[in-house]
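The values are calculated or read from the model by the stated rules, or taken from the named source; none is laboratory data. Values in this document were obtained by computation on a predicted structure and should not be read as measured data. Positions of Cβ are backbone-derived with ideal geometry, glycine not excepted, and every protein chain shown enters the neighbour counts. Surface areas here come from the heavy atoms of the whole protein model, side chains and all, with no ligands, DNA or RNA. Shrake-Rupley method; radii C 1.70, N 1.55, O 1.52, S 1.80 Å.
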Amino acid sequence: MTHARTLWEEGREPGREVVALGVAAALTVVVLDVLVGEQVSLFFDLCFVALCVGLALAVRPSDFFVVGVLPPLLMVGTFVLLGISRPTVIGHPQDGTVQAVITGLSEHSLALVTGYVLCLGVLFVRQRVATPHDSGHPIT
């Protein structure tokens, strides 16, 4: 008898595709946030955290490492692109590119840490669920 897959066992997407999806989604959220509010706001933070969890659920087990390192790279990459093109949306008007990226990362560090911790937590749970633990010995 087969059992239905749980949420933790569903992810089967290759790491490369998950990374492409993450980049596209993060950039889309940034564009929408800047169009509506002229700055990167709490909307980006909430979407970033949800995106980190979603990517961790979507990736196949053999590519866990790729998604495990993705959240900080995704935020830094997004902010570098913003720092080059429109530094005032993540920094102060007098900030240059590097300072705008640093300011953006510091102002959105809670979202980065939360998204990263949740991503790693989901990957940990998925790894534990995928690994059989029942060896026939009672737990003492």
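Quick rundown of the values:
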quantity: Qualifying positions in segment 81-96 - closer than 25 Å to residue 19 by Cβ and buried (at least 17 other Cβ atoms within 10 Å of the Cβ); calculated: 82, 83, 89, 90
quantity: Single residue of segment 97-107 satisfying the filter (small (Gly, Ala, Ser) and open to solvent by less than 40 Å² (accessible area, probe 1.4 Å)) that is nearest to residue 40 (Cα to Cα); calculated: 104
quantity: Condition broken by residue 43, with the remaining ones in (1) open to solvent by 30 Å² or more (accessible area, probe 1.4 Å); (2) within 10 Å of the chain's Cα centre (by Cα) satisfied; calculated: (2)
quantity: Filtered residues of segment 16-40 (kept if at pLDDT below 95 and either in a loop (DSSP other than H, G, I, E, B) or in contact with a strand residue (DSSP E or B) (Cβ under 9 Å, 6 or more places away or on another chain) (or both)); calculated: 38, 39
quantity: Some residue of segment 128-135 being modelled with pLDDT under 95, crowded, with 22+ Cβ neighbours inside 10 Å and not in a helix (DSSP H, G or I); calculated: no
quantity: Filter result (within 10 Å of the chain's Cα centre (by Cα), surrounded by 20 or more Cβ atoms within 10 Å (Cβ to Cβ) and hydrophobic (A, V, I, L, M, F, W, C)) within segment 20-40; calculated: 26
